[in-house]
1. Gap in Å between the Cα centre of the range 42-92 and the Cα centre of the range 2-23?
2. Using a 1.4 angstrom probe with every protein chain in place, what is the largest-first accessible-area order of 24, 16?
3. Assigning unit charges at the beta carbon (Lys, Arg +1; Asp, Glu -1) and nothing else, what dipole magnitude in debye, to the nearest 20, does the chain show about its Cα centre?
4. Where in the chain are the helices, taken as whole DSSP H runs, whose Cα atoms extend 20 angstrom or more along the long axis and whose Kyte-Doolittle mean reaches at least 0.0?
5. Fully extended, how many nm does the chain gain between residue 22 and residue 84 (0.36 nm per residue separation, minus their Cα-Cα distance)?
6. Once every DSSP H run of n ≥ 4 in the chain is given -39500 (n - 2.57) and the sum is divided by its residues, what mean residue ellipticity at 222 nm do you get, rounded to the nearest 500 deg cm²/dmol?
7. State in Å² the accessible area per residue of the chain; use a 1.4 Å probe, count heavy atoms of protein chains only, and round to the nearest integer.
8. Using DSSP to call loops (not H, G, I, E or B), can you name the trypsin sites (Lys or Arg not before Pro) in the range 2-92 whose Cβ has at most 12 other Cβ atoms within 10 angstrom?
Amino acid sequence: MNILDFINTGKDNAITREELTRATGISDRAIRRDINEAFKRGEIVINLGYGYFKPMPNKEDHLVKEYLNIEKARVKDENRKIRMMERYLEDV
């Protein structure tokens, strides 16, 4: 089963993880894993709080930029946590 078969194009066709779980019968964790694997294969799937969707080329690029900014902020925060743990380990 390919999770992308259940994720449509366009924000108006977004599907929540709960809906994906019902439609596929697989767990929430497995859905998140499969979406991450799709990214690794070069697929763009975004979720801006109302469900997953593939952006419409040339029409929803602004949504991809919005998602990108969210992800950059998340990564920045995670890197901050990593640096704090590294400093902690240096001191023990």
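1. Rounded to whole Å, the Cα centres lie 20 Å apart.
2. On the way: 24 15, 16 50 Å².
Result, largest first: 16, 24.
3. Details: 18 positive and 17 negative charges, 28 e Å.
Value, rounded to 20: 140 debye.
4. Within the chain not a single helix satisfies the rule.
5. Gain in length upon complete extension: 18.4 nm.
6. Details: 3 runs with 52 residues, N = 92.
The per-residue figure over the chain is -19000 deg cm²/dmol.
7. 74
8. 41, 59
The values are calculated or read from the model by the stated rules, or taken from the named source; none is laboratory data. Because the structure is predicted, anything quoted here is derived from the model rather than measured. Don't worry about glycine lacking a Cβ; one is built from the backbone with ideal geometry, like all the others, and counts go over all protein chains shown. Ligands, DNA and RNA are excluded from the accessible area calculation, which covers all protein heavy atoms including side chains. Shrake-Rupley method; radii C 1.70, N 1.55, O 1.52, S 1.80 Å.
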